[in-house]
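Below is one structure, written out as structure tokens, with a few remarks after it.
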Amino acid sequence: MSLPPGFLDELRTRTSLTQVAGRKVMWDTRKSNQGKGDMWAPCPFHQEKTASFHVDDRKGFYYCFGCHAKGDAISFVKETENVDFMEAVKILAAEAGMTMPERDPAAQAKADRASQLADVMQMAVQYFRLQLKTGAGAAAREYLTGRRLSEATLERFEIGFAPDAWQGLWDHLKVKNVEDQMILDAGLAKPSQKGGKPYDTFRNRIMYPIRDARGRCIAFGGRAMDPNDNAKYLNSPETALFDKSRTLYHHGPAREACGKGQPLIVAEGYMDVIALAEGGFGASVAPLGTAVTEHQLAMLWRMTDEPIVALDGDTAGMRAAYRVVDVALPLLEAGKSLRFALMPEGQDPDDLIRAEGPAAVQALLDKAMPMVQLLWQRETEDKVFDSPERKAALDKALREKIKLIADPSIRSHYGQAIKDMRWELFSNRRPAQSGPGYSRRRKWNAPDPAMPSTKASLLVAAGDAAQVQMREAVILATLICCPEVLDEFETAVEAMDCANPDYAALRDIILRAASTGAESLTLHIEKELGVHALENHMSLPHVALAPSVRHPGESDIARMTMAEELAKLDAQRGLTVEISEATEDIAHVADESVTYRLQQAAEARNRAVRSQQEDRAEYDLADNGARIKRDEKARLDALLNEITYSKPGR
């Protein structure tokens, strides 16, 4: 019905929301200020003892700080009286002494038709209930008894039976003078293709009435008694009353139970909902034979912020859960999401509650996983990521899914959560829990001393480890000052050896928390490593003089520093490997190829020394580093001469 302009504004002006809501709540006189129209009470939409329900009478709006229900007088009447919009307007107009405008004839006819169809559907409910109690329904009763459904449950859910007859319901409704077209429009019968009488849509099936939020029967779901039937479950066709994409089974009772504080559970089928409701989980609903739709998600989120999807613990159930994730991702809003409680393998909620009772279901609900975890599980389960290509494929798949999220804040948090889980999967490195370099308070400790076996190595130069740690220190400091450049260098940073356990711990924190920004990253470091860790690290001479540290936040300088330090670190690592391999060769045989390789290593060493001299101009590390490099070169040259001229045949 179309209302004339200004009608609703006048209705709201004449209506006192305090008076309307006062019929359903007890105002908190200590907290309320009636003179200003500022009223507080325990919320009528969920169970609570404190007064978190607020009414601003001057603005005509209410809001609950507990369950976040909000609206005006019309929406309040809709929710508390379980009526539609127009019925709520009628109630308030009558109280305000306003005359409802004449309805549009076409709209009136459509509403009248819908009301008549609902009456016909209720006749069908009564017919199916009666048939379940007859001899024709004996097998159906036996089946329902085997499913442990009591007579009280059958009455509560109005479960019935459609006999195995072509015109059983048709003839019953015709006796009650229901028009042929009305029966067809209700979806209770189908026209014959052979020119005969229409025949019943449902035959030889257990019947579950499907009701809208107002409690009207708008459709049926029928379970076949014949195991050879092509369709185990059959729903009513789409009608003027029934749109299955916008309907939830057990919607009205679930909304009421959810308003009283029960968790909203989304199950897969009628029997799951019935078993859950009988087990004490009254806020249970089910979609109707299809995956959860966008409209159904909106209906769920109107009832609660985080519905729990409880699906069967089999392959089909997992596929259904993954489809729900795909539908929900683009629709996520702050505070609106889903959690998933996956049943044990081979069981559905009905099986579990019958086998182990409500406590087993509650235990699964308590452990329901957030949606981001299920998204991660889908992309990683039963997969092996033993190559860069496979890891890159995983990254790409997850990025594509996260891009679907419209809300930038949620998208950012999903990215961080995925990064944390990726780190757990791919990183075998963990901060040391005992031994040198570890403190129970996680303070910043001195580097570990070199092991005797390392000191005794034939070709290891004394300053190698120190130089590597110096470069790692600058790299880590650069990322702390400008964490946004990590994305470009993440793989290389992950590959850093970080023999110093404190550096390893710092690297891990940076990889996990860099995306949160420099300020948040600093807080993470201080929390995990101690308040002085960051200060001690940034005050190291070679760190403090780095351009990226002297110009924090300058991304171009940070990128140049990262690229240069990582390249030199990689060269140092390659040199160490080459010398190590040459050492192994010398242990067995000395020949011309070994001499050649050592000469190449010496040239690489010379380049490293020249690079260090360039670094000295940048960082002003003065005499100590240069002296170490000169000593290293001299030792290596002497060793080369000794090996070259002591070879057999010289």
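Values quoted throughout were computed directly from the atomic coordinates according to the rules given, and no laboratory measurement underlies them. Keep in mind the model is a prediction, meaning the values are calculated, not measured. Ideal geometry is used to build each Cβ from the backbone, glycine not excepted, and the neighbour counts take in all protein chains shown.
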- Message: If I model a spin label at Ser555 and Lys24 as a point 7 Å from the Cα along the Cα→Cβ vector, what separation in nanometres do I get?
- Response: 5.0 nm
- How would you classify segment 248-426 from its alpha-carbon gyration tensor, with a ≥ b ≥ c the square roots of the eigenvalues: rounded for a/c under 1.5, else prolate if a/b is greater than b/c, otherwise oblate? prolate
- Item | Where chymotrypsin sites (Phe, Trp or Tyr not before Pro) fall in DSSP loop in segment 327-404, at most 12 other Cβ within 10 Å | none
- With label points built 7 Å along Cα→Cβ from the Cα atoms of Ala393 and Ala571, find their separation and express it in nm. 3.7 nm
- Note on the structure: Sorted largest first, the Cα spans of segment 103-242 on the principal axes come out in Å as 52, 39, 27
- segment 7-96 pair-distance distribution - Cα-Cα, 5 Å bins, rounded %: 3, 15, 27, 26, 18, 9, 3, 0
- Note the full-extension length gain between Ala96 and Asp487 as 0.36 nm times their separation in residues minus their Cα-Cα distance, in nm to one decimal. 134.5 nm
- Separation between the Glu306 and Ala499 pseudo-spin-labels, each 7 Å from Cα along Cα→Cβ, expressed in nm? 4.6 nm
- Message: Just want the ordering: Met303, Met421, from fewest to most Cβ atoms lying within 10 Å of their own Cβ.
- Response: Met421, Met303
- Item | Estimated FRET transfer efficiency when R0 is 30 angstrom, pair Lys194-Asn230 (beta carbons, to 0.05) | 0.90
